[in-house]
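Student: My structure is below; once you've seen it, I'll send some questions.
The values are calculated or read from the model by the stated rules, or taken from the named source; none is laboratory data. This is a predicted model, so every value here is computed, not measured. Cβ placement follows ideal geometry from the backbone for every residue including glycine, while neighbour counts extend to all protein chains displayed. Heavy atoms of the whole protein, side chains included, go into the accessibility calculation; ligands, DNA and RNA do not. Shrake-Rupley method; radii C 1.70, N 1.55, O 1.52, S 1.80 Å.
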Amino acid sequence: QFYHFVVAVSERMIAGSMSAIDAVASELQCFADLLAERPVLGIERQIGLLGELLFLAKLALTHGTRMLDSWGGPQGEPHDFRLDDREFEVKTTVAPKRVHIIHGSEQLVPSRGCSLFLVSILLGPPGSAAGLSLAGKVRDLRRLFATDKPRLGRFVDALEKVGLRKADLPHYRRQYSWRRALAVVPVDKKFPALTRPVVQQSLGALALRIESLQYAVNVEGLEKEEGTPQFSAVVP
């Protein structure tokens, strides 16, 4: 192994006119890159990101590439999307019911002056039909943004920020299909949200000892599905 390493260093010195130190450093970096782990997104994160891209695609196909500006999740914004004074938290599940995981006591708190809606997406196995995949949706959106070069660059940067690299797309070909229609649920007083005020009211001073919070919420019957006037009033 050392012999082959020395030969590679020598070739860099002779063919590339590199100094010995630079040749050794370059060859060591090649081995480091070769052996470096390239972790891919976990399945839960893949499903969540696919849901966000499905919602982004719907907005962009209806209102144009400028809808990329509404995608705030990769930028560290508190909610996934914002359209004027409406915010959207996208939740995707492969369960047969609209049961979604909420992370923390702040995830369902709207920004000041905004109304918040949970976007419910239900996916399932494609069966014998052609399904949709995370890799396929990325390619679809890249083609959509191809006519808008600045936003295409920003879309690629956003994917990098959430941990999805173009070289890793072959890992994201798992197929899904829609179980039910896309739906929105208003996060209002009728929504069963465990927010900081709710926890504070229940536990009083002990609420400060709650370090983290995660819970599953069933929104069956609260949703307004795509195709209804109520949905169109929220997502025009």
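Student: Using alpha carbons only, how many degrees (0 to 90, rounded to 10) separate the axis of helix 20-35 from the longest principal axis of the chain?
Tutor: So the helix axis and the longest Cα principal axis differ by about 40 degrees.
Student: For region 81-190, which whole percent of the accessible surface, found with a 1.4 angstrom probe, sits on carbon and sulfur atoms?
Tutor: 52 percent
Student: Let me ask you something else. Measuring from the lowest to the highest alpha carbon on each principal axis, how far does the chain reach, largest first, in angstroms?
Tutor: Cα extents, longest axis first: 74, 48, 37 Å.
Student: Tell me the net charge near Pro96. Cut-off is 13 Å between Cβ atoms, Pro96 excluded, with +1 for each Lys or Arg and -1 for each Asp or Glu.
Tutor: On the way: positive: Lys97, Arg98, Arg179, Arg180; negative: Glu220.
Counting the neighbours of Pro96, the net charge comes to +3.
Student: So in region 86-195, what percent of DSSP beta bridges are antiparallel if you round to the nearest 5? Don't jump to the answer; show the numbers that get you there.
Tutor: Values: 7 of 15 bridges.
Expressed as a percentage, antiparallel bridges in region 86-195 total about 45.
Student: Per residue, how much accessible area does the chain have with a 1.4 Å probe, in Å²?
Tutor: Details: 13630 Å² over 236 residues.
Roughly 58 Å² per residue, with all protein chains present.
Student: Count the DSSP beta bridges whose two residues both fall in the chain, then state the antiparallel fraction as a percent rounded to the nearest 5. Write down the numbers at each step before the final one.
Tutor: Working: 18 of 26 bridges.
DSSP beta bridges in the chain are roughly 70 percent antiparallel.
Student: Right, something else. May I have the extent of the alpha carbons of region 123-183 along their three principal axes, as whole Å values ordered from largest to smallest?
Tutor: Over region 123-183, Cα extents along the principal axes are 37, 24, 19 Å.
Student: Multiply the residue separation of Glu225 and Glu44 by 0.36 nm, subtract the distance between their alpha-carbon atoms, and state the gained length in nm to one decimal. Mind showing how you got there, number by number?
Tutor: On the way: separation 181, 0.36 × 181 = 65.16 nm, distance 2.36 nm.
Roughly 62.8 nm would be gained on extension.
Student: One-quarter of the Cα convex hull surface for region 46-177, in nm²?
Tutor: Details: hull surface 34.3 nm².
Computed as one quarter of the Cα hull surface, the answer is 8.6 nm².
Student: Something else about it: Convex hull over the alpha-carbon atoms of region 1-103: what's its volume per residue in Å³?
Tutor: On the way: hull volume 22.3 nm³, N = 103.
In region 1-103, the Cα hull volume divided by residue count equals 216 Å³.
Student: Moving to a separate point now. To test your reading of the geometry: what angle, between 0 and 90 degrees and rounded to tens, separates the Cα axis of helix 43-63 from the longest principal axis of the chain?
Tutor: That helix lies at roughly 70 degrees to the long axis.
Student: Binned at 5 Å from 0, what are the whole-percent values of the Cα-Cα distance distribution for region 68-128, short to long?
Tutor: So the P(r) values, bin by bin, are 4, 17, 25, 22, 15, 10, 5, 2, 1, 0.
Student: By what distance, in whole Å, do the Cα atoms of region 138-221 stretch along each of the three principal axes, largest value first?
Tutor: Reported extents, whole Å, longest axis first: 53, 31, 26.
Student: Another one. Can you tally the lysine pairs in the chain where the Cα-Cα distance is under 26 Å and the two residues are eight or more apart, or on different chains?
Tutor: Lysine pair count for the chain: 25.
Student: Expressed as an acute angle from 0 to 90° and rounded to the nearest 10, what is the orientation of the C-alpha long axis of helix 149-161 relative to the principal long axis of the chain?
Tutor: For 149-161 against the chain, the angle is about 90 degrees.
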